[in-house]
Amino acid sequence: MGTLSYAATVSLDGYAADADGDFQWTGPSDAVFAVHLDRIATVSTEVLGRKTYAGMDYWETYPDDADGPEAAREFARRWRGIDKVVVSSTMSPGELQSDRARLVPELGLDELRRIVDGAAGVVEIFGPTTAAAAIRAGLIEDFHLFVVPKVVGGGLRALPDDVRLDLDLVEHTIFDNGTAYLHYRPR
């Protein structure tokens with residue numbers, strides 16, 4: 001039986017993407033990327049929406065040769081080894097780039113519980129829209145937030161507006177570039 005976690009890189013004002021849909025400002029420093037590399041090593045299954053899956057496609061085809069940085073090559077190897085559940089009612093199975101990916105047209109809480117119960121390790125739900133119902137239902141056991149010192153003024157909220165959470169901080173790191181890694185668990 002697995003556990004369910006949620007990871008997001010967010011602006012100081014709580015957005016995962018700005019009002020134009022841009023999230024390029026979330027690009028991690030080498031030190032922050034190292035934390036992502038360690039974190040992803042524990043993930044057995046990734047649940048993500050269509051747009052997030054498309055954005056992560058980069059790692060499915062990242063070349064495993066000596067030209068790229070070792071950390072990036074290792075992240076790509078780990079990413080390719082993770083099972084993926086892509087939530088989309090508009091994609092077709094032929095659009096999936098990985099033989100480790102499967103498509104579900106919608107993600108109900110019962111289906112999410114089945115995914116977590118059937119997983120050998122951490123199931124990470126990735127993307128605020130896909131994670132919103134699980135966050136509201138109190139299913140998330142670990143929150144991994146990377147807070148970037150940038151205010152974007154609006155856009156896609158990392159956490160739903162209508163949720164209330166009482167959390168304990170279990171781990172934190174402040175990086176030289178001002179990014180804060182905050183790991184929380186529900187009380």
How about the range 24-106: which helices (runs of 4 or more DSSP H) wholly inside it have at least 1 residues that are at pLDDT below 90 and out of contact with any strand residue (DSSP E or B) (no Cβ under 8 Å at 6 or more places or on another chain)? 50-60
Taking the stated definitions as given, is GLU46 in contact with a helix residue (DSSP H, G or I) (Cβ under 9 Å, 6 or more places away or on another chain), farther than 16 Å from GLY127 by Cα and touching a residue at least 12 places away in the same chain (Cβ under 8 Å)? no
Which members of the range 104-122 meet the condition of being touching a residue at least 60 places away in the same chain (Cβ under 8 Å) and not β-branched (Val, Ile, Thr)? LEU107, LEU112, ASP117, GLY118, ALA119, ALA120, GLY121
For residues in the range 125-137 being in contact with a strand residue (DSSP E or B) (Cβ under 6 Å, 6 or more places away or on another chain) and not aromatic (Phe, Trp, Tyr), which is surrounded by the fewest Cβ atoms within 10 Å (Cβ to Cβ)? THR129
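Matching residues to (1) within 19 Å of TYR6 (Cβ to Cβ); (2) buried (at least 18 other Cβ atoms within 10 Å of the Cβ); (3) aliphatic (A, V, I, L, M):
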site	(1), (2), (3)
ARG50	yes, yes, no
ALA54	no, no, yes
TYR62	no, no, no
ASP67	no, no, no
TRP79	yes, yes, no
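The values are calculated or read from the model by the stated rules, or taken from the named source; none is laboratory data. Computed from a predicted structure; not experimentally measured. Neighbour counts are summed over all protein chains in view; Cβ atoms, including those assigned to glycine, are modelled from backbone coordinates with ideal geometry.
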